[in-house]
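Data first, discussion second: the structure below is written as structure tokens.
Every number here is computed from the coordinates shown, using simple stated rules; none is lab data. Just so we're clear, the structure is a prediction, and the values are computed from it rather than from any experiment. Every residue, glycine as well, gets a Cβ built from its backbone with ideal geometry; the counts of neighbours run over all protein chains shown.
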Amino acid sequence: MDERAVRTRVHGAAVEARDPRSGALHWRHTRDGRRPLAVLHARGEAIALWDDGLVTDTDGRRVRWHRALPAAAGWLRAQGGTGVLRPLGRGMLAVVTPRRVTAYRVADGDLRWVLPARQGCAFAPARAVRHSGALLLAQPCAPSAAWTAQLVAVDALGRITPRRRPLGDAVPPGRPGAPTEHPSAEKVVAPPR
């Protein structure tokens, strides 16, 4: 099936894929007693978020993988699924809940990384914005907290920070923090006399 030939959406208690021109049903996926809150189309498949905190990836014939979101079912029932499923690029999916951001590889549902919210803060999934390959997340904290503490940027590798090490803990050659640099490059070191 050509992935451009279907439109995936939530319809009542099901996730459906329909032909965008004719409206003909290609497939329908349901779970007994559960309701989908959000769906994300990825690689010809649908990644759905359900009201009990389960995330499923299906192609309409079978569920390829599913993952449970810890301690999220109550919040999902009260708030819904707006902004929870976020593509990160490079075949990665971010699942944003108030307590944590969890990244999964879309191909097989493999857990890649987890970022918990800071103490006294919570992520606001509906307020996330994509910009230049990064997902910017609101992380509201106490009113006295600096605004910079209330914004977090992530991508397929995790939290974006200065001099972060990519997965595998290797520093690319020529980047800050590479072994050829002085360990405290920002300090001026006077030559010995």
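Given axes a ≥ b ≥ c from the Cα gyration tensor, I'd like to know whether region 81-161 is rounded (a/c under 1.5), prolate (a/b larger than b/c) or oblate.
Verdict is prolate for region 81-161.
Can you work out the Karplus-derived ³J(HN,Hα) for every residue in region 82-87? Use 6.51 cos²θ - 1.76 cosθ + 1.60 with θ = phi - 60°, whole Hz, and x for glycine or proline.
The phi angles translate into 4, x, 6, 8, 9, x Hz.
Please give the Cα centre distance for region 72-107 versus region 110-129, rounded to the nearest Å.
The distance from the Cα centre of region 72-107 to that of region 110-129 comes to 9 Å.
Using a 7 Å offset from the Cα along the Cα-to-Cβ direction at both Leu151 and Asp32, what is the distance between the two label points in nm, to one decimal?
Result for the modelled spin labels: 4.9 nm.
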